[in-house]
Amino acid sequence: MLTVRGLSAGYDAVDVLHAVDITARAGELTVVLGANGSGKTTMFRTISGIVRPSAGSIDFDGRQLPDLSADSIVKAGLAHCPEGRHLFAKMPVEKNLMLGGYVRRRNRGRVRELLEHVYELFPILHDKRHQPAGTLSGGQQQMAAIGRSLMSDPSLLILDEPSMGLAPLVTAQVLDAVAQINRDGIGVLLAEQNAQTALRIGHHGFVLAEGRVVLSGTASELLDHPDVREAYLGV
Ligand code: ATP
């Protein structure tokens, strides 16, 4: 369980997030909606230890994440799959995946299981495991980026706009896989432009605007909320 309270953070002493409260319950899929620049990425980067908070607390299963290094945060079970895919283009797909398993390298058996699980979820990655990651299509690269995050054996996976730049059919495949990951018992914190699909597969959601939480509720409450319908569902 992730509990963010009163979180403020930003860049160069200018806060982008202002006293944000967000909870991601264990095993649930939590959706974060918000226009470009509303602070979703900054919130995720603060949770995963890349950006230092200026105020507030981030509790993850009883630990204060700002006290931990980014590496220890991954070891504690929180994986962050950033926007953009950040794969090593010339490196084979499987090696890219294995990099995600680095924090579990002492447990070779577990790493092997995780890799098999990623290949079950994304059979295309198994077919292309020896190819350079840069030769994959955009959707396949996104699958590889998600797979790499799964290799760290997370209990909570943060996904920042996994469908960015993907065609609708590929977006649907990627979000189906996200739903499957969640059904497999991994908590997911998802920022996604496709609000309707995200809320359909999600349990709870939050709406950020200008670095503040302006709305929160169950996914079905948000799907029915007039502000969400107008701003995100085009109704
Ligand atoms: P997007 O969907 O476009 O990524 P977002 O909701 O994730 O948007 P952020 O990327 O967190 O929003 O950006 C929030 C604000 O922080 C924006 O005003 C942005 O210009 C600013 N910002 C983001 N990254 C940096 C940075 N590295 N240095 C300075 N300002 C930044």
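For the reader, a short list of remarks on this structure follows.
- Counting DSSP beta bridges with both ends in region 151-235, the antiparallel % (nearest 5): 55 percent
- Ordering of 43-49, 84-90 by burial proxy (mean other Cβ atoms within 10 Å per residue, highest first): 43-49, 84-90
- Looking at the chain, the DSSP beta bridges with both ends there are about 55 percent antiparallel.
- Cα-based shape type of region 1-114, given that a ≥ b ≥ c are square roots of the gyration tensor eigenvalues and the cut on a/c is 1.5: prolate
- With all protein chains in place and a 1.4 Å probe, the accessible surface of region 1-122 carries 50 percent carbon and sulfur.
- Selected from Thr135, Thr23, Thr41 as most flexible by GNM, with the chain as the system and alpha-carbon contacts under 10 Å: Thr135
- For region 101-211, size of Cβ-based charge dipole, Lys and Arg +1, Asp and Glu -1, in debye: 580 debye
- Taking Cβ atoms as reference points and 13 Å as the exclusive limit, the residues near Asp160 contribute a net charge of 0, counting Lys and Arg as +1 and Asp and Glu as -1.
- Dividing the summed helix terms, -39500 (n - 2.57) for each DSSP H run of n ≥ 4, by the number of residues in the chain produces a 222 nm estimate of -10500 deg cm²/dmol to the nearest 500.
- 3J(HN,Hα) along region 145-154: 5, 5, x, 4, 5, 5, 5, 8, 6, x Hz, from the Karplus curve 6.51 cos²θ - 1.76 cosθ + 1.60 with θ = phi - 60°, whole Hz, x for Gly and Pro.
- With the charge dipole of the chain set up from +1 on Lys and Arg Cβ and -1 on Asp and Glu Cβ about the Cα centre, the Cα lying farthest toward the positive end among the listed residues Leu159, Gln193, Ala9 is that of Leu159.
- Bridgeable aspartates and glutamates around Lys75 (alpha carbons under 16 Å apart, same-chain partners fewer than 8 residues away excluded): Asp59, Asp61, Asp67, Asp153.
- Prolate/oblate/rounded call for region 81-197, Cα gyration tensor, a/c under 1.5 rounded: oblate
The values are calculated or read from the model by the stated rules, or taken from the named source; none is laboratory data. No experiment lies behind these values; they were computed from the predicted model shown. Cβ: placed from backbone, ideal geometry, glycine included. Neighbour counts: every protein chain shown. Just the protein is used for accessible areas: all its heavy atoms, side chains included, with ligands, DNA and RNA removed. Shrake-Rupley method; radii C 1.70, N 1.55, O 1.52, S 1.80 Å.
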